[in-house]
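Presented below is the structure to which this report refers.
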């Protein structure tokens with residue numbers, strides 16, 4: 001009888017050694033550690049394949065087959081042992097007399113929608129029913145989209161009205177949702193109508209009606225003939241639906257570089273019923289909705305001919321609208337994360 005080659009003796013010994021180690025693994029953690037040592041990328045069994053160049057050429061095929069068989073056998077033995085250990089754990093848990101299946105669970109505390117999200121969803125549903133697209137645009141904008149395309153060149157004093165968070169790469173955190181106007185004009189073929197809600201950022205002092213991070217909803221309608229009457233009708237429909245009652249509004253002339261003519265739509269303060277409070281700065285009215293007809297320069301920036309197309313636009317203060325709907329006296333509460341406040345909704 002011919003003697004077995006050394007490599008065959010080594011592999012035969014490894015089969016018995018690994019089988020013994022697997023059978024003696026008492027926990028899933030120990031078995032996992034053993035599996036890594038045996039079959040992992042740097043494990044002992046895969047490492048045997050690296051020795052093929054040291055094997056005599058006539059034995060290399062048989063050596064490779066023997067190593068593959070060892071790997072298959074070890075993997076099967078590990079899976080069998082894992083099943084045994086899992087079954088033992090289940091049996092232990094089932095026999096645990098300290099477990100009481102009749103004991104009541106602690107009441108679950110369910111989360112709920114933030115008031116900003118609730119009102120935004122209602123607004124989206126209202127405008128969707130009127131045929132508007134609901135769009136989402138970036139919070140980081142270029143200087144061109146945030147200012148230049150909206151008829152606010154670098155020398156324009158309106159830039160001083162919107163203190164800006166500038167980024168190191170020359171971009172900025174959008175100061176209003178109005179950049180969506182030009183983006184939408186390039187994205188959709190006229191005529192169209194769309195809203196784009198989202199967060200905006202202003203580097204400014206905060207008070208009961210001002211916050212450095214707040215929410216707006218921009219609206220835009222492009223058609224061949226658009227009037228202020230169309231705009232006011234849409235705004236009345238929106239406010240009465242959201243506040244679920246008829247509200248008193250007033251329209252004042254307002255200057256905004258991207259609309260002409262421009263208006264400031266105010267709402268009778270719903271927190272104090274017009275008597276005067278910190279939310280409305282004791283005036284009884286709250287600035288809610290700058291709006292107007294789209295400026296010809298903005299139409300041109302959007303690739304439209306102002307001789308052929310017209311439009312109206314608005315920038316609704318969503319955070320302020322939430323205040324009016326729920327009677328919230330301070331806008332800072334909405335983003336403050338105070339669960340005592342949020343749990344009321």
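The values are calculated or read from the model by the stated rules, or taken from the named source; none is laboratory data. Being a predicted model, the structure only gives us computed values, none of them experimental. Using ideal geometry, Cβ is built from the backbone for each residue, glycine included, and neighbour counts are taken over all protein chains shown.
Give the residue that is surrounded by the most Cβ atoms within 10 Å (Cβ to Cβ), with candidates limited to residues of the stretch 319-343 that are touching a residue at least 24 places away in the same chain (Cβ under 8 Å) and part of a loop (DSSP other than H, G, I, E, B). Talk me through it step by step, then tell me what you get.
If we filter the stretch 319-343 for residues that are touching a residue at least 24 places away in the same chain (Cβ under 8 Å), which is where we start, we get 319-332, 334-335, 342.
When the remaining residues are screened for being part of a loop (DSSP other than H, G, I, E, B), the result is 327-330, 334-335.
Working: 327: 12, 328: 22, 329: 14, 330: 17, 334: 24, 335: 17.
Per the criteria, the residue is 334.
What's the number of the only condition in (1) surrounded by 10 or more Cβ atoms within 10 Å (Cβ to Cβ); (2) at pLDDT 90 or above; (3) in contact with a strand residue (DSSP E or B) (Cβ under 8 Å, 6 or more places away or on another chain) that residue 86 fails to meet?
Result: residue 86 fails condition (3) only.
Applying the selection to the stretch 52-61, what residues are part of a helix (DSSP H, G or I) and touching a helix residue (DSSP H, G or I) at 6+ places or on another chain (Cβ under 8 Å)?
Kept after step one, since they are part of a helix (DSSP H, G or I), are these residues of the stretch 52-61: 52-54, 57-61.
Answer for the stretch 52-61, where residues must be part of a helix (DSSP H, G or I) and touching a helix residue (DSSP H, G or I) at 6+ places or on another chain (Cβ under 8 Å): 52, 59, 60.
I want to confirm something. Restricting to the stretch 128-143 and keeping residues that are part of a strand (DSSP E or B) and touching a helix residue (DSSP H, G or I) at 6+ places or on another chain (Cβ under 7 Å), which single residue is farthest from residue 200 (Cα to Cα)? Walk me through how you get there before you give the answer.
To start, the set of residues in the stretch 128-143 that are part of a strand (DSSP E or B) comprises 133-134, 140-141.
Checking which are touching a helix residue (DSSP H, G or I) at 6+ places or on another chain (Cβ under 7 Å) leaves us with 134, 141.
Working: 134: 17, 141: 11 Å.
Within the stretch 128-143, the match that is farthest from residue 200 (Cα to Cα) is 134.
Give the residue, chosen from 150, 167, that is surrounded by 16 or more Cβ atoms within 10 Å (Cβ to Cβ) and farther than 30 Å from residue 343 by Cα.
When all the criteria are applied, what remains is 150.
So which strands (runs of 3 or more DSSP E) stay within the stretch 255-318 end to end and still have 2 or more residues that are more than 20 Å from residue 123 (Cβ to Cβ)?
On the way: elements: 259-268, 285-294, 310-317.
Once the strands (runs of 3 or more DSSP E) in the stretch 255-318 are filtered for at least 2 residues that are more than 20 Å from residue 123 (Cβ to Cβ), what remains is 259-268, 285-294.
Being more than 26 Å from residue 258 (Cβ to Cβ) and out of contact with any helix residue (DSSP H, G or I) (no Cβ under 8 Å at 6 or more places or on another chain) is the requirement here; does residue 336 meet it?
Details: more than 26 Å from residue 258 (Cβ to Cβ): yes; out of contact with any helix residue (DSSP H, G or I) (no Cβ under 8 Å at 6 or more places or on another chain): yes.
Answer is yes for this residue.
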